[in-house]
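Everything on this sheet refers to the single structure shown next.
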There are 2 protein chains.
Amino acid sequence: MSRTNIQVLLASRPTGGVQESNFCIVETELPSPGAGEILVKNQYLSLDPYMRGRMNAAKSYAPSVALGEVMVGETVGIVVESRNPQFQEHDIVRGFLGWQQYGFSDGRDLNKVTVTEHLPASVYLGAVGMPGVTAWVGLFEIGKPQPGETVVISAASGAVGSIAGQLAKSKGCRVVGIAGGKEKCAYVVDELGFDACIDYKAGNLVEDLARATPAGIDVYFESVGGEILEAVLGRVNTFARIPLCGLISRYSESQPAGLRNLTSLLFNRVTLQGFIVGDYADAWPSITRQLGQMIASGQLKYRETIAEGLEHAPAAFIGMLKGQNLGKQLVKLI
Amino acid sequence: MSRTNIQVLLASRPTGGVQESNFCIVETELPSPGAGEILVKNQYLSLDPYMRGRMNAAKSYAPSVALGEVMVGETVGIVVESRNPQFQEHDIVRGFLGWQQYGFSDGRDLNKVTVTEHLPASVYLGAVGMPGVTAWVGLFEIGKPQPGETVVISAASGAVGSIAGQLAKSKGCRVVGIAGGKEKCAYVVDELGFDACIDYKAGNLVEDLARATPAGIDVYFESVGGEILEAVLGRVNTFARIPLCGLISRYSESQPAGLRNLTSLLFNRVTLQGFIVGDYADAWPSITRQLGQMIASGQLKYRETIAEGLEHAPAAFIGMLKGQNLGKQLVKLI
């Protein structure tokens with residue numbers, strides 16, 4: 001059976017902000033799977049901030065995407081052909097097949113997932129996927145929140161922050177989100193159940209943060225950097241923990257602002273620890289099982305922003321980097 | 001017996017660099033010890049970078065010194081009168097009696113020390129005192145160096161850095177110091193046994209550091225901040241640890257430069273942890289016992305820069321903040 005693939009390639013490296021012209025969409029002819037290979041038709045593509053780093057020439061924690069190559073990305077899809085005994089046609093699988101309609105795999109990087117009424121395929125790219133595990137690892141392995149402590153979550157309405165905050169609530173913490181805009185803040189408080197949410201675009205970040213954290217800050221889940229980190233460092237308690245998950249405010253800056261308040265780290269004996277979820281591969285099955293149960297039971301809530309069609313992936317990605325999504329940003333392949 | 005005390009008071013708070021005029025030296029009449037009190041004649045006063053923070057109005061990790069009060073400081077001295085059954089005349093004691101000839105104590109903050117041929121009284125303010133314990137805690141509790149790893153020590157010829165580097169050598173690490181000037185670097189390599197020492201004043205910090213750390217940096221013992229920290233962040237390996245012990249380059253700056261390379265912390269999964277030796281009081285007896293044995297046996301070496309007479313304490317303190325001392329800066333009270 002002859003099939004045509006649609007792929008989004010990295011056409012050029014961005015200087016500063018990402019442009020749609022940094023991508024190029026091509027149709028290619030699809031060969032048949034070789035011995036041991038599986039052909040997957042992708043249903044959903046995950047768009048994540050880390051991809052911004054892969055567009056640069058400089059190595060981040062993983063190699064760059066080469067110019068002219070398919071953009072990297074996590075996917076959920078259906079097996080349409082298999083020459084691998086471990087996978088059958090119609091299996092639903094999660095993998096890293098990239099920004100393309102179809103992808104091949106030898107099976108080593110594919111995981112079968114179970115789709116149910118309460119766990120649709122897309123959730124395996126969000127709350128029960130990499131973002132959910134990132135939230136879990138950062139909060140519990142590094143943040144180690146104790147009941148009654150105050151936990152602040154940046155990018156609180158996003159795929160990672162929304163889960164991290166709800167997990168902190170489940171531990172009996174006071175949880176304060178930071179998000180951009182009234183709509184996101186309302187979602188974070190009313191639907192996700194955070195105790196408060198600060199709109200950093202309202203222009204009173206330092207004062208609003210002080211008001212929302214009367215007992216100081218014990219854990220700060222950091223995905224943003226810049227002025228928000230600075231404001232938090234003015235409020236941290238002794239022995240505060242800062243899991244450093246991302247720095248989305250800096251990814252597109254060639255001269256990002258420095259962290260000025262290093263003395264707060266010293267005087268308050270703060271631990272600031274960068275982490276990458278990929279380093280916790282052994283814990284992944286146990287964490288996703290627990291997240292799946294919490295999602296299925298309704299204990300954890302999530303939202304998705306879904307762009308329809310691979311051709312809209314570049315615009316959706318650019319919008320996500322600007323914070324235009326609510327919850328997990330996905331592309332539905334049609 | 002009527003005695004006259006000599007005290008150094010905080011006369012005014014520095015704006016920027018410390019001046020001698022920020023201190024004032026007074027003579028006062030000394031009362032007799034009250035019930036339960038001990039009167040100590042101080043022999044040595046320790047001068048340490050943390051004191052700079054106590055001169056500011058803003059709280060650091062401990063309260064400020066009030067204007068007109070005796071400057072805080074660790075001391076070793078001899079008991080000259082005791083109305084406390086736990087201390088006898090002629091006991092040699094370490095305490096926090098401040099910048100003064102005589103001090104009173106109720107005994108709770110005094111520790112008797114044993115002076116021997118190889119452990120003179122002054123060593124209890126340096127290698128076997130707070131600086132030595134700071135080096136031990138930062139290196140072993142936070143830095144956790146493994147044999148074969150590369151450890152970089154800032155302020156390498158100072159009271160803390162010189163011990164931290166020798167301890168790292170004892171664990172089989174490659175140890176690279178950073179110090180200001182040829183004389184200090186020669187001391188660090190030739191006498192303390194570091195593998196290399198970089199003169200940050202020579203103007204090639206980034207290149208020199210790269211040359212001295214061909215396998216990258218696994219542990220960075222941070223006492224300085226500023227450009228040295230930035231240079232190190234350009235060389236850290238994944239999972240590097242940075243015990244944050246001090247930021248001497250920043251203490252006198254009202255607008256210190258920021259830490260620009262936060263992305264290195266993220267991408268390399270670095271742990272940056274502020275610590276204060278006072279938080280490890282329980283471990284102090286065990287650590288000082290081990291340090292004392294290593295000093296007495298000659299395994300650990302140290303040097304002292306000694307100012308003679310309390311009236312020279314302000315100038316010696318200002319010189320230490322500028323890095324003019326080699327090893328532990330003390331004042332000998334005469």
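Read the figures in this text as sums done on the coordinates, not as results from a lab. Because the structure is predicted, anything quoted here is derived from the model rather than measured. When we count neighbours, we look across all protein chains shown, and the Cβ atoms used for this are built from the backbone with ideal geometry, even at glycine.
Could you work out the per residue convex hull volume over the alpha carbons of chain B, in cubic angstrom?
Considering the Cα atoms of chain B, their hull volume per residue is 130 Å³.
If the limit is 19 Å between Cα atoms, which of A:LYS169/A:LYS301; A:LYS184/A:LYS301; A:LYS171/A:LYS328; B:LYS184/B:LYS328; B:LYS184/B:LYS322; B:LYS41/B:LYS328 go over it? Let's see the in-between values first.
Numbers: A:LYS169/A:LYS301 12 Å; A:LYS184/A:LYS301 14 Å; A:LYS171/A:LYS328 23 Å; B:LYS184/B:LYS328 13 Å; B:LYS184/B:LYS322 14 Å; B:LYS41/B:LYS328 21 Å.
In this structure, A:LYS171/A:LYS328; B:LYS41/B:LYS328 exceed 19 Å between Cα atoms.
Hey, what do the phi angles of the stretch A:193-207 turn into as Karplus ³J(HN,Hα) couplings, whole Hz, using 6.51/-1.76/1.60 and θ = phi - 60°, x for Gly and Pro?
After applying 6.51 cos²θ - 1.76 cosθ + 1.60, I find x, 4, 6, 7, 9, 9, 8, 5, 7, 6, x, 10, 3, 5, 5 Hz.
For the stretch B:139-207 and the stretch B:264-334, what is the separation of their Cα centres, given in Å?
So the two Cα centres are separated by 14 Å.
Select from B:ASP199, B:ASP282, B:ASP218 the residue whose mean-square fluctuation is largest in a Gaussian network model of chain B (Cα-Cα springs shorter than 10 Å).
B:ASP282
Considering only A:VAL151, A:GLY161, A:THR238, whose Cα is most displaced toward the positive end of the charge dipole of the stretch A:130-278, charges sitting on Cβ of Lys, Arg (+1) and Asp, Glu (-1)?
A:THR238
Rounded to the nearest 500 deg cm²/dmol, what is the calculated helix-only ellipticity per residue at 222 nm for the protein assembly as shown, with -39500 (n - 2.57) per DSSP H run of length n ≥ 4?
It comes out at -6000 deg cm²/dmol, rounded to the nearest 500.
Measure nothing fancy, just the Cα-based angle from helix B:284-296's long axis to the longest principal axis of chain B, in degrees from 0 to 90, nearest 10.
Helix B:284-296 and the main axis of chain B meet at about 80 degrees.
Which single residue of chain A puts its beta carbon nearest to the axis of rotation relating A to B, and what distance, in whole Å, does that give?
For the rotation taking chain A to chain B, the closest Cβ gives A:GLY258, 1.
Please get the size of the charge dipole for the stretch B:192-293, origin at its Cα centre, with Cβ charges of +1 on Lys and Arg and -1 on Asp and Glu, quoted in debye to the nearest 20.
140
Using only Cα atoms, locate the centre of the stretch A:70-138 and the centre of the stretch B:93-122, then give the distance between them in Å, rounded to an integer.
Between the Cα centres of the stretch A:70-138 and the stretch B:93-122 lies a distance of 67 Å.
Output, in nm with one decimal and in ascending order, the distances from the A:ARG13 label point to the matching label points of the other copies (7 Å from Cα along Cα-to-Cβ).
For A:ARG13, the other copies' label points sit at 4.8 nm, shortest first.
Could you please state, rounded to a whole Å, how far the C-alpha centre of the stretch A:1-59 is from the C-alpha centre of the stretch B:1-19?
Comparing the Cα centres of the stretch A:1-59 and the stretch B:1-19, I get a distance of 69 Å.
In the neighborhood of B:PRO243, defined by Cβ-to-Cβ distances under 15 Å, what is the net charge if each Lys or Arg adds +1 and each Asp or Glu adds -1?
-1
Charges at C-beta only: +1 for Lys and Arg, -1 for Asp and Glu. How large is the resulting dipole of the stretch A:31-176 about its Cα centre, in Debye rounded to 20?
520
Taking one equal scatterer on every alpha-carbon of the stretch B:53-194, how large is log10 of I(q)/I(0) by Debye at q = 0.12, 0.14, 0.20 1/Å?
One equal scatterer on each Cα of the stretch B:53-194 leads to -0.66, -0.84, -1.15.
Using a 10 angstrom cutoff on alpha carbons, build the Gaussian network for chain B and name the most mobile of B:VAL277, B:VAL40, B:VAL137.
Highest fluctuation among the options: B:VAL277.
With the label 7 angstrom out along Cα to Cβ, how close does A:THR28 come to the same site in each of the other copies, in nm, nearest first?
8.1
Of all trypsin sites (Lys or Arg not before Pro) in the stretch B:1-66, which ones are in loop regions per DSSP and have a Cβ with at most 15 other Cβ atoms within 10 Å?
Sparse-neighbourhood loop trypsin sites (Lys or Arg not before Pro): B:LYS59.
Could you list, by residue number, the cysteines of chain B that have no other cysteine's beta carbon within less than 4.7 Å of their beta carbon?
B:CYS24, B:CYS173, B:CYS245
Based on the alpha-carbon gyration tensor of the protein assembly as shown and its eigenvalue square roots a ≥ b ≥ c, which shape applies: rounded if a/c is under 1.5, prolate if not and a/b is larger than b/c, or oblate?
Note, shape of the protein assembly as shown comes out prolate.
Give me the dipole magnitude in Debye, nearest 20, for the protein assembly as shown about the Cα centre, with unit charges on the beta carbon: positive for Lys and Arg, negative for Asp and Glu.
In debye, rounded to 20, the protein assembly as shown gives about 120.
Please compute the modelled spin-label separation between B:LYS144 and B:GLN299, points set 7 Å along Cα→Cβ, answer in nm with one decimal.
About 2.3 nm, to one decimal.
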